[in-house]
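Student: One structure follows; several queries about it will come next.
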Amino acid sequence: MLTETFPSESDENRRPEVECPRCGNGVTVRDYQQNIVVCESCGLILKEDIKDRGPEWTAYSTEGYEEKSRAGPPSTETIHDKGLSTQIDYKNRDGKGNKLSPRRRMQMHRLRRWHRRARVTNATERNLAFALSEMNRMASQLGLKKNLQEIAAKTYQQAVKENLVRGRSIEGLASAILYAACRKAQIPRTLEEIAEVSLVDKREIGKSYRFIARELEIYLPPTDPASYVARFGSELKVSGEVQAEAKGIIRKAQEERLTVGKSPSGTAAAAIYIASLETGERRTQREIAEVADVTEVTVRNRYKELAEKLNEEIKI
């Protein structure tokens, strides 16, 4: 029966943690949905922000529980062997915490070297190991979340499986796929930002992105300029009113098809500049251009175009 395999929820959650100061009852209930510990008798909240000690997965049968039950961290696509291999520690201490002798340290050094070589057995795994480590490095510098790294890793593995990496720059493909993952997850990152943390230039990344998009049939809509407003506004330290006004300007420009063929970051920068003028929180074109990573000329040209075409709606 399932009750024999899985512990009862009431038995798992009820445990004598602390004595209730109101009624003196020692039986408490852990509520993992609200992350609190409450007194079973009077309902007084005794602890907040507790940690869920259970597994991150859910099983609905005995077979599912046995299949998902495991020890160690979960598998991940961001490592070429899915993180299922083991590591030899570098502390040079034995199981009791004592330091190893010089002879034993040399032996462990050789074991680590052979162990590291054994993890990568062929050219494909070497390619994956290098590319995924590069993507993890760039994602860390850009402050991207783990789920986006998983998307990028799966896309690169698909490219390797279809033999698209042969004869091409690993760094260029890794950077291009990371850029595609950002667009797919609707996380605004420009090619310039990717190029800053990459080992290749913007031109190589763009070329690799077009190749991967064509071969893997990745069709992504154009980046919405409004998605840059929050990040640019935060760096410029403008109020939410300015950001809302800038998004409104962008929406009007999109209705008039003024954003077609224009740089999304340049359009967002110009909209923020106009909004800052309207709300009295003035920011210079140079300040906005530095944050948006575009030239002052771009901000000025987009600003003049939006001000002229949307003259009825925008009063500067």
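Student: Would you check if E255 is farther than 23 Å from A181 by Cβ, in contact with a helix residue (DSSP H, G or I) (Cβ under 7 Å, 6 or more places away or on another chain) and open to solvent by 40 Å² or more (accessible area, probe 1.4 Å)?
Tutor: No: the conditions fail for E255.
Student: Being open to solvent by 80 Å² or more (accessible area, probe 1.4 Å) and either part of a helix (DSSP H, G or I) or in contact (Cβ under 8 Å) with a residue 60 or more places away in the chain (or both) is the filter here; which residues of the range 114-129 pass it?
Tutor: The answer is W114, R116, R117, R126.
Student: Scan the range 198-214 and report the pairs whose first residue is touching a residue at least 40 places away in the same chain (Cβ under 8 Å) and outside any loop (DSSP other than H, G, I, E, B) and whose second residue is open to solvent by less than 90 Å² (accessible area, probe 1.4 Å) and among the hydroxyl-bearing types (S, T, Y), with Cβ atoms within less than 8 Å and a gap of 6+ or a chain change.
Tutor: The qualifying pairs are S208/S169; S208/S175; I212/T155.
Student: With P221, P188, P225 as the choices, which residue is free of Cβ contacts under 8 Å to residues at least 12 places away in the same chain and either open to solvent by less than 20 Å² (accessible area, probe 1.4 Å) or within 30 Å of S276 (Cα to Cα) (or both)?
Tutor: Matching residue, one of P221, P188, P225: P221.
Student: Further question: From A195, A139, grab the single residue that is aliphatic (A, V, I, L, M) and farther than 16 Å from T78 by Cα.
Tutor: Being aliphatic (A, V, I, L, M) and farther than 16 Å from T78 by Cα holds for just one of A195, A139, which is A195.
Student: Then there's this: Determine the pairs where a residue that is touching a residue at least 40 places away in the same chain (Cβ under 8 Å), located within the range 292-312, has a partner that is of a type in the set (D, E, K, R) and open to solvent by 50 Å² or more (accessible area, probe 1.4 Å) with Cβ atoms under 8 Å apart, the partner being 6 or more residues away or on another chain.
Tutor: Once the first residue is touching a residue at least 40 places away in the same chain (Cβ under 8 Å) and sits in the range 292-312, its partners that are of a type in the set (D, E, K, R) and open to solvent by 50 Å² or more (accessible area, probe 1.4 Å) give D293/E192; R302/K262; K309/E256; L310/K252; L310/E256.
Student: Checking A123 against (1) of a type in the set (A, V, I, L, M, F, W, C); (2) farther than 27 Å from T155 by Cβ; (3) at pLDDT 80 or above, which single condition isn't satisfied?
Tutor: Evaluating A123 over (1) of a type in the set (A, V, I, L, M, F, W, C); (2) farther than 27 Å from T155 by Cβ; (3) at pLDDT 80 or above leaves (2) as the failure.
Student: Let me ask another. I'm told A226 meets every condition in (1) of a type in the set (A, V, I, L, M, F, W, C); (2) closer than 30 Å to I249 by Cβ; (3) within 18 Å of the chain's Cα centre (by Cα) except one. Can you identify the failing condition by its number?
Tutor: Single failed check for A226: (3).
Student: Which residue out of Q243, Q285 is touching an Asp or Glu at 6+ places or on another chain (Cβ under 7 Å) and over 30 Å from A153 (Cβ atoms)?
Tutor: Within the list Q243, Q285, the selection yields Q285.
The values are calculated or read from the model by the stated rules, or taken from the named source; none is laboratory data. In this text, all values refer to a predicted model and were calculated from it rather than measured experimentally. With ideal geometry, Cβ positions are generated from the backbone for all residues, glycine too; neighbour counts draw on all protein chains shown. With ligands, DNA and RNA removed, areas are computed over all heavy atoms of the protein, side chains included. Shrake-Rupley method; radii C 1.70, N 1.55, O 1.52, S 1.80 Å.
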